[in-house]
Every structure is written in C-alpha cells, then in structure tokens.
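Here the structure is laid out as structure tokens; the discussion comes afterwards.
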Ligand SMILES: C[S@@+](CC[C@H](N)C(=O)[O-])C[C@H]1O[C@@H](n2cnc3c(N)ncnc32)[C@H](O)[C@@H]1O
C-alpha cells in the first residue's frame with residue numbers, strides 16, 4: 001500500500017471516531033483540514049454497524065428551563081396608581097364590614113326593646129345601606145377597570161396597601177364639585193376667584209395662562225376654562241382623584257349619568273332616616289372645556305419658570321409640608337406682574353414644618369416677592385364637602401386675597 005493510501009485510511013478511522021462522539025442530528029459534515037492535498041469533506045449519513053451508537057454516549061444539549069420573567073418593580077407613581085385602583089376595588093369589603101359592625105351593635109339591644117326599634121324602621125337600615133353600597137361599588141368598579149386599562153395594569157394586579165380615605169375623599173369631593181347639591185358650596189368660593197381673575201387679568205392680551213395646583217376633582221379648573229381666552233393647566237398628586245376625574249372626563253356621556261351613595265356609613269348628624277341614603281347624582285355639568293391635568297407634585301412637575309399669568313390656590317396652601325417651598329414655587333411659576341389668587345383656611349397638618357397664622361403667611365409671601373393687595377383681603381365663610389341638611393356644619397373662615405409677583 002502506498003503511504004498516501006495509508007494516510008487516507010487513517011483519516012477515515014479518525015472520522016469514524018468523531019462521528020461516534022458527536023450528537024446525531026441530521027447529516028454530519030466534518031471539514032478535515034489535515035495534511036492532505038485538498039481539504040476532504042466526508043459525509044456520514046449512516047454510521048457503520050461496527051460503530052455502535054449508544055444513546056448514553058450522546059452529548060445531550062443542556063436542558064435550560066424557560067426564562068422566568070421577573071415582574072419589573074413598580075415605580076413610585078405606578079405604586080400610587082395601583083394603590084388607588086385597589087382601594088376603589090376594595091370599597092365594598094370595607095363598607096360592608098362597617099355596616100356589619102353597626103348591625104352587630106344593634107343586635108345587642110335588649111330583646112324587649114327591639115319591637116320599638118323595629119316600629120321606627122331602624123332594623124331595615126342595614127339592608128338598605130348594603131344595597132346602596134353594592135350600587136356604589138358598580139360605579140367604583142367601572143372606574144377601577146378604566147384606570148387599569150388607562151395605566152396598563154392587568155385585571156388581577158393589586159397593591160398590598162389600600163387606603164380607604166382615597167374612596168371616601170372621592171365620594172365627598174364628587175358632591176362638592178360635580179353635583180347640584182354642591183352648587184351652593186361652590187358658589188360662595190368660586191365667584192370671588194372668577195371675579196378676581198377677570199379683573200386681575202383684564203390687561204393680558206390674548207390667551208391667559210392659569211395654573212390650578214391641588215385641583216381635587218377639577219370643577220374650579222373647568223369653570224375657569226369655560227371662560228373665553230383662558231388656557232388652564234392643573235396639577236393633582238392624589239391618584240384617587242386623578243383616576244376618578246379621568247373616568248369622569250372620558251367615560252361620561254350625559255349629565256347625571258352616575259349615582260353614588262356617599263353617606264351610607266355616615267349615620268351620626270342625620271336629620272332624617274333617609275339622609276343616610278341620600279344619592280349624589282353627577283355630573284351636573286359635563287366637563288367639556290379643556291383642562292390640561294398634570295399628574296404629580298406641583299413642586300416638581302413644572303420645570304418652566306415664569307409661565308403663568310395667574311396661579312389659583314383653593315383650599316391648597318395649608319396642605320404643604322413646607323409653606324416656603326409652596327410660596328416660592330408660586331412666585332417662580334408666575335410671569336413678572338402675574339397674579340396669585342388664594343382662598344382657603346389654615347388647617348395645617350401635623351406633618352407641616354410650620355403652622356403659620358394667616359398674617360404670617362402674608363408676611364412670608366411679601367418677603368418672597370409677592371406684593372399682596374391688602375384691599376382684596378377678606379374672610380369668606382365656607383364649608384367643605386358638606387352634606388346638605390346634615391346636623392353638623394364645619395364652617396371655615398377662609399382667607400381670600402390676591403397678590404402680584406414683583
Ligand atoms: C384640600 S384639597 C383641595 C382640593 C380642591 N382645590 C378643592 O378645593 O376642592 C387639596 C388637594 O391638593 C392636593 N395636593 C396636595 N399636595 C399637592 C402637591 N404637592 N401637588 C399637587 N397636588 C397636591 C391633594 O391631593 C388634594 O387633592
């Protein structure tokens with residue numbers, strides 16, 4: 001045998017061994033770049049019976065489990081939104097629980113007194129309240145579903161924390177802002193503000209840019225935007241208000257389309273039994289004027305300085321943790337000569353770093369470059385989310401003023 005033939009036979013043996021060691025999946029091509037005149041490509045379709053194929057010798061591909069997608073942690077904003085959505089969804093559990101506790105108290109009444117209670121119909125109130133809770137829940141569920149869709153949450157997504165005040169605040173605010181029952185409450189506080197804007201901005205040519213921070217459910221902002229030549233931006237931090245407002249604007253076709261029962265757990269201070277079950281039908285006016293609502297913190301969401309002809313604060317400045325930050329921001333956002341209109345009480349929270357008197361707030365405002373119009377200053381009695389006909393009435397002696405940026 002020539003040396004060349006020996007080399008080729010040797011190569012074939014090598015190829016056979018490689019074929020045994022490699023996994024079999026389809027035709028195997030081995031490119032042999034050994035010392036032969038031309039590269040030889042040997043195709044092995046069927047291994048010879050001599051090269052027995054044992055499955056345990058096969059190099060199996062490593063079985064990887066499918067990648068598990070870790071849910072992305074929620075941002076602080078998403079967390080607040082989901083928490084508000086979950087609070088809306090859980091309204092019924094919380095409310096039925098409150099009613100059950102009240103019923104349990106009632107059942108402690110001595111048996112011989114029970115006929116008297118039944119004679120005045122007290123025993124029927126629990127079922128009446130439950131029915132209205134379920135009715136209210138239908139609306140809240142619609143808001144929650146809409147908000148999930150709007151902010152990209154799945155139906156099963158829930159937050160681990162709920163805050164029931166988010167729903168009770170909404171139920172109170174919707175009466176204040178969007179029902180006929182709230183019209184008197186609104187008239188006493190909106191008129192001075194609208195008049196002050198009309199007088200104070202009469203010199204502004206063309207579009208008048210107004211900012212309403214702490215917008216709540218937005219009625220004041222819409223009343224301003226209803227006026228000719230006003231362009232209104234607003235800002236709200238609380239997602240309970242934001243999601244309910246978005247629903248109101250985007251999913252409401254007709255006036256008085258929605259009904260809720262805000263007082264079904266407010267049994268003290270009722271004049272009549274019926275008062276507990278008073279409905280609030282809304283909206284009494286469709287929010288059709290354009291308001292640009294910025295979701296988030298008024299201190300951080302408006303980078304552009306000197307943008308506004310007016311800033312309007314209604315029941316707002318006392319919610320600040322740091323009143324100097326709030327006043328400085330109002331000053332920064334106003335154009336030179338711009339107008340600040342304020343109406344509100346001084347109901348500082350325990351979280352406020354300073355709990356100032358009205359005089360002190362005005363003193364600070366002046367020092368920060370806001371010249372107060374002392375002739376505009378006055379006290380206006382106002383209620384807040386008041387149930388008409390309730391036997392309890394908190395009256396705030398609110399302080400109204402206007403000021404100009406120097
Ligand atoms: C007492 S409520 C008044 C709401 C509305 N102005 C009214 O009179 O019905 C104060 C509102 O300010 C909002 N708020 C508090 N701090 C805020 C901030 N830093 N930025 C934006 N909104 C804020 C609260 O969520 C709340 O809705």
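The values are calculated or read from the model by the stated rules, or taken from the named source; none is laboratory data. Note that this is a predicted model, so its numbers are computed, not measured. Every residue, glycine as well, gets a Cβ built from its backbone with ideal geometry; the counts of neighbours run over all protein chains shown.
Criterion first (over 20 Å from the mean Cα position of the chain (by Cα) and part of a helix (DSSP H, G or I)) does residue 191 satisfy it? Spell out how you get there, then give the answer.
Values: over 20 Å from the mean Cα position of the chain (by Cα): yes; part of a helix (DSSP H, G or I): yes.
It is true that residue 191 is over 20 Å from the mean Cα position of the chain (by Cα) and part of a helix (DSSP H, G or I).
Under the condition of being over 19 Å from residue 199 (Cα atoms) and in contact with a strand residue (DSSP E or B) (Cβ under 6 Å, 6 or more places away or on another chain), which residue from the range 211-253 is farthest from the ligand (Cβ to nearest atom)?
Keep residues of the range 211-253 that are over 19 Å from residue 199 (Cα atoms), which gives 213-219, 233-253.
Going one step further and asking which of them are in contact with a strand residue (DSSP E or B) (Cβ under 6 Å, 6 or more places away or on another chain), we end up with 213, 215, 233-235, 242.
Numbers: 213: 5, 215: 6, 233: 12, 234: 9, 235: 5, 242: 9 Å.
Step by step, filter the range 211-253, then rank; the result is 233.
Do we find that residue 209 is without any contact (Cβ under 8 Å) to a residue 24 or more places away in the chain and in the same structural domain as residue 310 (by TED's automatic domain parsing) in this structure? Before the answer, list the steps.
Values: without any contact (Cβ under 8 Å) to a residue 24 or more places away in the chain: no; in the same structural domain as residue 310 (by TED's automatic domain parsing): yes.
So residue 209 does not fit the description; no.
To keep it simple, each residue is scored yes or no on (1) assigned to a helix (DSSP H, G or I); (2) closer than 26 Å to residue 308 by Cα; (3) in the same structural domain as residue 292 (by TED's automatic domain parsing); (4) at pLDDT 95 or above.
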| residue | (1), (2), (3), (4) |
| --- | --- |
| 217 | no, yes, yes, yes |
| 221 | yes, yes, yes, yes |
| 234 | no, yes, yes, yes |
| 245 | yes, yes, yes, yes |
| 256 | no, no, yes, yes |
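Name the residues in the range 318-332 that are within 22 Å of residue 230 (Cβ to Cβ) and either within 24 Å of the chain's Cα centre (by Cα) or crowded, with 22+ Cβ neighbours inside 10 Å (or both), would you? Before you say what the answer is, go through the steps one by one.
As a first pass, look at the range 318-332 and keep what is within 22 Å of residue 230 (Cβ to Cβ): 329-332.
Answer for the range 318-332, where residues must be within 22 Å of residue 230 (Cβ to Cβ) and either within 24 Å of the chain's Cα centre (by Cα) or crowded, with 22+ Cβ neighbours inside 10 Å (or both): 329, 330.
Evaluate the following for residue 349: is it assigned by TED's automatic domain parsing to the domain that holds residue 227, at pLDDT 95 or above and either more than 12 Å from the ligand (Cβ to nearest atom) or in contact with a helix residue (DSSP H, G or I) (Cβ under 6 Å, 6 or more places away or on another chain) (or both)? Don't jump to the end; show me each part of the working.
Details: assigned by TED's automatic domain parsing to the domain that holds residue 227: yes; at pLDDT 95 or above: yes; either more than 12 Å from the ligand (Cβ to nearest atom) or in contact with a helix residue (DSSP H, G or I) (Cβ under 6 Å, 6 or more places away or on another chain) (or both): no.
No, not satisfied.
I'd like to check something: does the range 269-279 contain any residue that is surrounded by 14 or more Cβ atoms within 10 Å (Cβ to Cβ), within 16 Å of the ligand (Cβ to nearest atom) and modelled with pLDDT of 95 or more? Give the steps one after another, and end with the answer.
Within the range 269-279, the first condition is being surrounded by 14 or more Cβ atoms within 10 Å (Cβ to Cβ), and the residues that meet it are 270, 273, 275-279.
Remaining after also requiring within 16 Å of the ligand (Cβ to nearest atom): none.
Looking through the range 269-279, none of the residues is surrounded by 14 or more Cβ atoms within 10 Å (Cβ to Cβ), within 16 Å of the ligand (Cβ to nearest atom) and modelled with pLDDT of 95 or more.
Looking at the structure I just gave you, is residue 70 outside the structural domain of residue 285 (by TED's automatic domain parsing) and outside any helix (DSSP H, G or I)? Can you show your working first?
Numbers: outside the structural domain of residue 285 (by TED's automatic domain parsing): yes; outside any helix (DSSP H, G or I): yes.
In short, yes.
Which one is nearest to the chain's Cα centre (by Cα) among residues in the range 297-315 that are assigned to a loop (DSSP other than H, G, I, E, B) and buried (at least 16 other Cβ atoms within 10 Å of the Cβ)?
Here is the first cut: in the range 297-315, the residues assigned to a loop (DSSP other than H, G, I, E, B) are 297-307, 315.
Subsequent filtering for residues that are buried (at least 16 other Cβ atoms within 10 Å of the Cβ) retains 298-299, 302, 307, 315.
On the way: 298: 15, 299: 17, 302: 18, 307: 26, 315: 20 Å.
Among them, the one singled out is 298.
Taking residue 284, is it in a loop (DSSP other than H, G, I, E, B), away from the ligand (no atom under 14 Å from the Cβ) and touching a residue at least 60 places away in the same chain (Cβ under 8 Å)?
Yes: the conditions hold for residue 284.
A quick yes/no check of all residues on (1) surrounded by fewer than 17 Cβ atoms within 10 Å (Cβ to Cβ); (2) on the phi < 0 side of the Ramachandran plot; (3) within 16 Å of the ligand (Cβ to nearest atom):
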site: 353; (1), (2), (3): yes, yes, yes
site: 357; (1), (2), (3): yes, yes, no
site: 362; (1), (2), (3): no, yes, no
site: 365; (1), (2), (3): no, yes, no
site: 381; (1), (2), (3): yes, yes, yes
site: 387; (1), (2), (3): no, yes, yes
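Which one of these does residue 172 not meet: (1) more than 19 Å from the chain's Cα centre (by Cα); (2) within 12 Å of the ligand (Cβ to nearest atom)?
With respect to (1) more than 19 Å from the chain's Cα centre (by Cα); (2) within 12 Å of the ligand (Cβ to nearest atom), residue 172 is out only on (1).
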